[in-house]
2 protein chains.
Amino acid sequence: MLTEKPVNTFLDELASSAPAPGGGSAAALAGAIGAALVSMVANLTVGKKDYVQVQDDIQRLLGQSEALRHKCQELLEADVAAYSEVSRVGKMPRDTDEQKAVRSAAMQQALKNATAVPMQLAEVCVEILKLCPEATAKGNVRAVSDVGVAALMAEAGLRAAALNVLINLGSIKDEAFVGQERLRLHALLAGKSELKEHILKEVVAKL
Amino acid sequence: MLTEKPVNTFLDELASSAPAPGGGSAAALAGAIGAALVSMVANLTVGKKDYVQVQDDIQRLLGQSEALRHKCQELLEADVAAYSEVSRVGKMPRDTDEQKAVRSAAMQQALKNATAVPMQLAEVCVEILKLCPEATAKGNVRAVSDVGVAALMAEAGLRAAALNVLINLGSIKDEAFVGQERLRLHALLAGKSELKEHILKEVVAKL
């Protein structure tokens, strides 16, 4: 598993020409870093007497951020698997018309599957970003800059996931599918850059 | 060393209430991911016959992105060391006036050192971002979405580093130092969000 490798090795493999990990895994890791930082701020607030009135909210926030972090870590692995399948199909024989037809159908299915992973990641990154206003308002103020970093990572992860959705959609011939996924992506992106900037303003005001 | 730990362990420690790794390490990792993706695109362009005319430029780009990636990995470790020093000084005795004075002077020095690390990281992230237009123009077009992810990570790393500079400056009493570092940070941030959006437009046009 890619996430069981040392950080240095992960970065070496990311920098190499090997087909995976690539931008999809990088996007998932950005989301995981964002969620982990929300968890850190929650963990720095749990049991602190100055924050006794928000303990229930912080515990719920921590449960949410940890679930989203683990989802990002799963999607990091899923992205590698989906991309490997696209590479495998790309190597199928195409000497006869029948082989070409079989390969083309398999590639279309592999690309649809490879689109589903960054789309799910985009959804997860939106959820992580949406935890940040509450983390800024209720979390330990000494760690408020970390909420800002979390928001930056979640929004970068969202937009990176969107690029990975778009590059796959460019090779998918099913126009109805492409149109529907573009609309879904558009809705996920709408207002999120502004939300990130709003969170950063609130964070800077508390620094 | 933190970067020798598995990715999963790094994320677990980031999510925990342990003082390090925190947002500073996350910012350095974002920069490293960005630089690694520029390297990946360069590596996918090296030796390709469709890109014979840009081989010298791509080799230079690869040298630059790898040097910046390794700098980010060094700064990730340096951030942990600088933060540990701040924590250590924070635990120094303050029972007598003399102890208070010694601790306060040590803390001011530790905070200045802890500010230097994210400031250097901000500079490195700007350099990574500046490699992206050439990587978009000359790199393997099949990996162009990865340049977009690189730009997102480099800009997020820059702004995350800036938050870490700002939170330290808030506790530093040397007003001349604080003023000078704020100006330096302001210059580093100026126009970089716009540059990132420009790169993303060029990337999307090539998808």
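Brief remarks on what is shown
- Dipole magnitude (debye, nearest 20) for the range B:102-207, charges at Cβ of Lys, Arg, Asp, Glu: 100
- Remark: mean inter-chain Cβ contacts per residue of A:154-166 equal 5, using a 10 Å Cβ-Cβ cutoff to other protein chain atoms.
- Shielding by other protein chains, B:40-46, mean Cβ within 10 Å: 4
- Based on Cα atoms of the range B:1-57, Rg over Rh with Rh as the Kirkwood radius reads 1.23.
- Shape category assigned to the range B:1-137 from the gyration tensor of Cα positions, a/c cut at 1.5: prolate
- In the protein assembly as shown the Cα-Cα distances spread across 10 Å bins starting at 0 as 5, 23, 32, 24, 11, 4, 1, 0, 0 percent of all pairs.
- Sequence-separation-based contact order of chain A, relative, with Cα cut under 8 Å and 6+ spacing, percent: 28
- Other copies of B:ALA81: label-to-label distances in nm, shortest first, labels 7 Å along the beta-carbon direction: 4.1
- Extent along principal axes [Cα atoms of the range A:91-130; Å; largest to smallest]: 51, 13, 6
- Fewest neighbouring Cβ atoms within 10 Å first, the residues B:MET107, B:MET153, A:MET92 line up as A:MET92, B:MET107, B:MET153.
- The value of relative contact order for the range B:111-207, using C-alpha pairs under 8 Å at least six residues apart, is 44 percent.
- Kirkwood analysis of the range B:51-129, using all unique Cα-Cα pairs, places the hydrodynamic radius at 15.1 Å.
- Across the identical copies, how the B:ALA106 labels are spaced - nm, sorted shortest first, 7 Å along Cα→Cβ: 6.6
- For the range A:166-207, the percent of C-alpha pairs falling in each 5 Å distance bin, counted from 0 to the bin holding the largest distance, reads 5, 20, 18, 13, 11, 10, 9, 8, 5, 2.
- Scattering profile of the range B:83-207 at q = 0.11, 0.16 Å⁻¹ [log10 I(q)/I(0), Debye over alpha-carbon scatterers]: -0.50, -0.78
- Helical content of the protein assembly as shown, expressed as a calculated mean residue ellipticity at 222 nm, amounts to -28000 deg cm²/dmol (DSSP H runs of 4 or more residues, -39,500 (n - 2.57) each, divided by residue number, nearest 500).
Coordinate-derived values only; no laboratory data. Predicted model, so just to flag it, every value in this text is computed and none were measured. Positions of Cβ are generated from backbone atoms using ideal geometry, with glycine treated the same way; all protein chains shown enter the neighbour counts.
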